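Any read-out appearing in this document is the output of simple, stated calculations on the displayed coordinates, not a laboratory observation. Please read all numbers here as calculations on a predicted model, not as lab measurements. As a convention, Cβ positions derive from the backbone with ideal geometry for all residues, glycine included, and neighbour counts pool all protein chains shown.
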Amino acid sequence: MKRSKKISVFKEFSFCAAHYLEIEGHKCSKLHGHNYKLRIEVSGELDENDMVVDFAEIKKHVQPIVDDLDHQNLNEVLFFMESTTSETLCLYFYYSLYKKIKGLSKIEIRETDSCGAILEL
């Protein structure tokens, strides 16, 4: 079988966290929470084990970050960030992971089933 085709794989995580937006008058300016869903996608060619990456390798790098955010106020934990929107959370995961996960190609954060952000690399 040819191994030269690019394939994408993904692993999903979830965490619960509170946050607020510092936008005067915005409905999300009050402390509230979400059951976040995180999807990490890695793309590449198959290795000698017919994998792009072992899912355990993704989990090894992502789970500690998720654990640090779970059941926290993101504005307090990520105090160095200007905001805690879905968009900036994608960037936070990117800067935390891009040197650790070869082939990182997409990061998706969902605040609800119907809204979130996607960072495509």
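Summary of values
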read-out: Region 64-90, residues that are within 30 Å of K6 (Cα to Cα) and either among the aromatic types (F, W, Y) or out of contact with any strand residue (DSSP E or B) (no Cβ under 7 Å at 6 or more places or on another chain) (or both); value: P64, I65, T88
read-out: Residue match in region 80-102 (condition: over 16 Å from the mean Cα position of the chain (by Cα), more than 18 Å from H34 (Cβ to Cβ) and either among the aliphatic types (A, V, I, L, M) or part of a loop (DSSP other than H, G, I, E, B) (or both)); value: yes
read-out: The one condition in (1) over 11 Å from the mean Cα position of the chain (by Cα); (2) part of a helix (DSSP H, G or I); (3) surrounded by 15 or more Cβ atoms within 10 Å (Cβ to Cβ) that A17 fails to fulfil; value: (2)
read-out: E57 being part of a helix (DSSP H, G or I) and surrounded by 15 or more Cβ atoms within 10 Å (Cβ to Cβ); value: yes
read-out: Selection count where residues are under 20 Å from I58 (Cα atoms) and not in a strand (DSSP E or B), scope region 4-14; value: 1
read-out: Hits in region 27-46 (condition: without any contact (Cβ under 8 Å) to a residue 12 or more places away in the chain and part of a loop (DSSP other than H, G, I, E, B)); value: K30
